[in-house]
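A.B. asks: Pasting a structure below so you can have a look.
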Amino acid sequence: MEDSPLSRRRLVWGGAVAAGTALAAVGLPRLMVPEAKTKAAPAGPVRRTDGAAGPPAKRKGDASVDYAPAVWVEASEYNYTASERPEEYPIQYVVIHLTTDIMPIMFAKFKDPAERVSAHYVISATGTRIAQCVRERDVAWHSGSVWYNHRSIGIEHEGWTDQPVYTDEMYEASAVLTATICAKYDVPIDRDHILGHVEVPLSTHDDPGTVWDWDRYMELVETARRRVKV
């Protein structure tokens, strides 16, 4: 995601807090409630960013999740490519992202057909909330590279590169998720296969930023992998 101006960020936070208060008043969990669609699906031919022609393949929403701790917050079918991975494409990478927006804003983007963006998972800054927005078998549009999108799982982390909020809980929650993905798809736990968005070839993004502690993160992933059973 591109960085938002600080003034816009403050306005977004204010709106999100108000929305969260309203949701809490009716007994719904804050941040994890799917946002209503605000735009209809584009009429006529659809411009795709996954390298394929024509409208996206449609699949009815599936409320189940691939990762048990996650909550299902479905992305628009126009923002990912329906697939049958790993049969169609091997899953070889995990790509680490930073949202540069709070979780409700990311959910709204993923649900907006005009945005042409999605990720498989979003993790809150506190590490206490994990959302799955695209099934692992499907191709999320997260890395800016068609080739890597087809062969990777994208994980967004709530925060900003200039004001990172990398808590212990976030690192740990993310590491267990990544370790589970690596175990499931036999992805090597090394820096050739667990990448930052900035490391995807020809990337125009700099997340997860220079303060992301890769040594610590990889150690946590390796430790979690020894405990994970799939």
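A.B. asks: Which ones in region 81-96 are surrounded by 19 or more Cβ atoms within 10 Å (Cβ to Cβ) and farther than 14 Å from Asp66 by Cβ?
C.D. replies: The answer is Thr81, Tyr93, Val95, Ile96.
A.B. asks: Now, a different point. Regarding Val187, is this residue touching a residue at least 12 places away in the same chain (Cβ under 8 Å) and assigned to a loop (DSSP other than H, G, I, E, B)?
C.D. replies: yes
A.B. asks: Take the residues in region 183-230 that are of a type in the set (A, V, I, L, M, F, W, C), within 11 Å of Val94 (Cβ to Cβ) and within 16 Å of the chain's Cα centre (by Cα); name whichever of them is surrounded by the fewest Cβ atoms within 10 Å (Cβ to Cβ).
C.D. replies: Within region 183-230, the match that is surrounded by the fewest Cβ atoms within 10 Å (Cβ to Cβ) is Leu195.
A.B. asks: From Arg129, Arg135, Arg151, which residue is out of contact with any strand residue (DSSP E or B) (no Cβ under 8 Å at 6 or more places or on another chain) and either modelled with pLDDT of 95 or more or surrounded by fewer than 22 Cβ atoms within 10 Å (Cβ to Cβ) (or both)?
C.D. replies: Step by step, each of Arg129, Arg135, Arg151 is checked, and only Arg135 is out of contact with any strand residue (DSSP E or B) (no Cβ under 8 Å at 6 or more places or on another chain) and either modelled with pLDDT of 95 or more or surrounded by fewer than 22 Cβ atoms within 10 Å (Cβ to Cβ) (or both).
A.B. asks: I would also like to ask the following. Given the criterion assigned to a loop (DSSP other than H, G, I, E, B), more than 25 Å from Ala68 (Cα to Cα) and out of contact with any helix residue (DSSP H, G or I) (no Cβ under 9 Å at 6 or more places or on another chain), identify the matching residue among Pro201, Pro164.
C.D. replies: Only one candidate qualifies: Pro164.
A.B. asks: Scan region 73-88 for residues that are out of contact with any Phe, Trp or Tyr (no Cβ under 9 Å at 6 or more places or on another chain) and under 17 Å from Lys109 (Cβ atoms) and report the count.
C.D. replies: Qualifying residue count for the region: 2.
A.B. asks: Could I ask something else about it? In region 115-126, which residue that is over 20 Å from Thr204 (Cα atoms) and over 8 Å from the mean Cα position of the chain (by Cα) is surrounded by the fewest Cβ atoms within 10 Å (Cβ to Cβ)?
C.D. replies: Out of the qualifying residues, it is Thr126.
A.B. asks: Residues in region 78-130 that are within 23 Å of Gly209 (Cα to Cα) and in a helix (DSSP H, G or I): how many?
C.D. replies: Final tally of qualifying residues: 7.
The values are calculated or read from the model by the stated rules, or taken from the named source; none is laboratory data. For clarity, every value in this text was computed on a predicted model and none was experimentally measured. Every residue, glycine among them, receives a Cβ derived from its backbone with ideal geometry; neighbour counts consider all protein chains shown.
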